[in-house]
Amino acid sequence: MNLCWFRQDLRLSDNPALRSALSDNSAIALFILEETDTQRPMGSACKAWLHESLIRLQSDLEAIGVPLVLRRGDARDIIPKLTSDLKIDNVYWNRRYDPKDVAIDRALMEHLKEEGVNVESFKANVLFEPWEIKSAGAGTPYKVFSPFWKAALKEGVPAQSLAVPTKIQSKPQLDQLPFDNLEDWDLMPASPNWTNGFWDVWVPGEAGAFERFKEFLEINLKGYSQNRDVPSKNHTSCLSPHLRFGEISPLQIWHGVHAHSGGEVDKDGYKFLAEVGWREFSHSILFYADNLSQTNWKSDFDGFAWVQDENGLTAWQSGQTGYPLVDAGMRELWQTGYIHNRVRMVVASFLIKHLRIDWREGEAWFWDTLVDACPANNPASWQWVAGSGADASPFFRIFNPIMQSEKFDPKGSYIRKWVPELANLDNKSIHTPWEAPKLVLQEVGVRLGENYPKPIVDHKTARDKALAAYKDMTA
Ligand code: FAD
């Protein structure tokens, strides 16, 4: 019998590990809620997504005659015991790229092979594996996105993705062994379950991913390059959590965009695929980094004088900074588990530069609250904003949260949606309520310091302090 170990690939289509496991016509699938000393535990929002996604995966696998076994603990203990108890000859999985996961996979592969079990792993969650794209001269991994993506595009991708496997003949009977119940994992947050609102916005699972992708291709791909920066337009794909859990593969996205464009990808398709390319780049950075979520990729930043500011951190987390665009983003995050990319950059910059709070605090909050919290994209993007990361925006380029708001949300539509207490302000005052005449505020019921905060820092003063701290670091 064969075993397919599902990890970051919760789909049936374009799944080479599953395809191989089914070659003998009798297979079981396994998902492990991994608990080890080295791996980072999943954040709350991702756990809630996982719960929903596993329900769908279990039923999709059931439909093709494959039982999904659930276990929690250390894969290095669970899988060898399972292969011995169930007399499994072959184990298959799709590769992952966090060095801590890679270490576990390598140790497990070695151990199983010693026990006489055949193990095979596959590329399925990226278009290009980190070691496939290296600079032609030095043969080292790229540190800058543009040459990385240029080199990647030259490599080419497989001509097509794999279809959903057909139903197998002999479904294994597994009743005799103790397996976990999904409900016993308590993946949904309790008291309160703050993720309840997520499911108005999201449909986890492979079918939900493809529905979202189809809608994006039909409605929002056209005009993507122009509109992707406007948070109120919802012009991006919102595929990030589906990619995070592997409910759709980047190869399927690649071919979907090409097929939709009739083979000739235009500037919108190209821009969209380049964003998927940033995900590839982050995975390469993650693979070669030494603990990307904890360690500055550029060690110069080890000497930065971060500020301990509990009140500032709480105001930021709860969307109470007094800067409407920042607050809108942080509230969107809390209510939906997602923030638009432009606003992610603004809120991250505000925490790091206006409050001078360590980027690791922001990364950890996103890790806990994003449904797409990704071991590669999250730390790489936080370090990109901080200036400590690969191909990063320089620290001294400080986003002005007011100008960003006026430029990308000119009518305040995004702010009105997420900060309802400001909804009746005019298009000018909504970006800077503290500058609005008292009478205007009174008319629309805004009482600064009572039902909406005054700015917790002054933009210019905060900017000057950030630049001074950066100067000290580089002195
Ligand atoms: P689209 O614009 O439709 O892009 C398609 C796909 O390309 C995305 O789903 C994503 O997989 C990838 N992508 C897009 N932009 C980026 C980018 N800048 N870097 C890497 N990949 C990208 N993305 C995550 O997937 N998980 C995270 O945990 C995450 N944390 C972030 C933290 C910060 C501080 C910032 C600034 C960005 C972060 N991003 C993260 C990147 C980006 O914001 C999201 O991928 C994007 O907003 C997801 O929306 P979408 O699927 O509609 O994107």
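Could you state the number of Å between the C-alpha centres of region 425-475 and region 1-70?
47 Å
Compute the helix-to-body angle for 459-474: its Cα long axis versus the longest principal axis of the chain, expressed 0 to 90° and rounded to tens.
Rounded to the nearest ten degrees, it is 60.
Just grab the label-to-label distance for F179 and K454, each label 7 Å out from Cα along the Cβ direction, in nm (one decimal).
Label-label distance for F179 and K454, simple model: 6.1 nm.
Which residues does a label at V201 reach in region 369-396, if reach means a backbone N under 18 Å from a point 7 Å past the Cα toward the Cβ?
Residues 369-374, 378 qualify, since their backbone N sits under 18 Å from the label point.
Round to the nearest 0.05 the FRET efficiency obtained for W434 and E120 when R0 = 56 Å and r is the Cβ-Cβ distance.
Working: r = 61 Å, r/R0 = 1.09.
Efficiency, rounded to the nearest 0.05: 0.40.
Given a 1.4 Å probe and every protein chain left where it sits, what share in percent of the accessible area of region 162-253 is carbon and sulfur? Walk me through the intermediate numbers first.
On the way: 2340 of 4740 Å².
On region 162-253, the fraction of accessible area on carbon and sulfur atoms equals 49 percent.
Show the residues, 5+ positions off or on another chain, whose built amide H is closer than 5 Å to the amide H of F122.
Amide H neighbours of F122, under 5 Å, 5+ apart: W93, N94, R95.
Show which aspartates and glutamates lie in cross-link reach of K87 when reach means a straight Cα distance below 12 angstrom and same-chain residues fewer than eight apart are skipped.
The qualifying aspartates and glutamates are E115.
Calculate what fraction, in whole %, of the accessible area of region 299-474 sits on carbon and sulfur atoms when a 1.4 Å probe is rolled over the protein chains.
So the carbon and sulfur contribution to the accessible surface is 51 percent.
Tell me, what ³J(HN,Hα) does each residue in region 140-146 have, in order and in whole Hz, if you take phi through Karplus 6.51 cos²θ - 1.76 cosθ + 1.60 with θ = phi - 60° and put x for Gly and Pro?
Coupling constants for region 140-146: 9, x, 5, 10, 10, 5, 4 Hz.
Could you sort 109-116, 29-36 so that the peptide with the highest average Cβ count within 10 Å comes first and the rest follow in order?
Values: 109-116: 12.8, 29-36: 19.1.
Descending mean neighbour count gives 29-36, 109-116.
Using the heavy atoms of the protein chains alone and a 1.4 angstrom probe, what is the accessible area of region 2-124 per residue in square angstrom?
Working: 4500 Å² over 123 residues.
Counting only protein heavy atoms, the per-residue value for region 2-124 is 37 Å².
Hey, any idea what the orientation-averaged projected area of the convex hull of the chain's Cα atoms comes to, in nm²?
On the way: hull surface 96.7 nm².
The number I arrive at for the chain is 24.2 nm².
Read phi for every residue in region 226-237 and hand back ³J(HN,Hα) as whole Hz from Karplus 6.51 cos²θ - 1.76 cosθ + 1.60, θ = phi - 60°, with x for Gly and Pro.
With coefficients 6.51, -1.76 and 1.60, one gets 7, 9, 5, 8, 9, x, 6, 7, 6, 9, 9, 7 Hz.
Taking region 340-422, which chymotrypsin sites (Phe, Trp or Tyr not before Pro) meet the DSSP loop condition and have no more than 16 other C-beta atoms within 10 Å?
Details: sites: F350, W359, W365, F366, W367, W382, W384, F395, F396, F399, F408, Y414, W418; in loops: F395, F396, F399.
Sites meeting the loop and neighbour criteria: F396.
Could you calculate the FRET efficiency of A151 with D464 from 1/(1 + (r/R0)^6), where r is the beta carbon distance between them and R0 is 60 Å, rounded to 0.05? Before the final figure, lay out each step's value.
On the way: r = 41 Å, r/R0 = 0.68.
The pair A151/D464 has a calculated efficiency of 0.90.
Filter the GluC sites (Glu not before Pro) in region 196-286 to those in DSSP coil with at most 16 other Cβ atoms within 10 Å of their Cβ, and list the result. It would help to have the intermediate numbers written out before the result.
Working: sites: E206, E211, E215, E218, E247, E264, E275, E280; in loops: E247, E264.
The qualifying sites are E264.
Which entries of K100/K298; K298/K471; K417/K465 show an alpha-carbon separation above 23 angstrom in the structure shown? Present the calculation step by step, with values, prior to reporting the outcome.
Details: K100/K298 20 Å; K298/K471 16 Å; K417/K465 32 Å.
K417/K465, as the Cα separations exceed 23 Å there.
The values are calculated or read from the model by the stated rules, or taken from the named source; none is laboratory data. Since the structure is predicted, the reported quantities are computational estimates derived from the model, not experimental observations. Don't worry about glycine lacking a Cβ; one is built from the backbone with ideal geometry, like all the others, and counts go over all protein chains shown. Remember, those area values only see protein heavy atoms, side chains included, never the ligands or the DNA or RNA. Shrake-Rupley method; radii C 1.70, N 1.55, O 1.52, S 1.80 Å.
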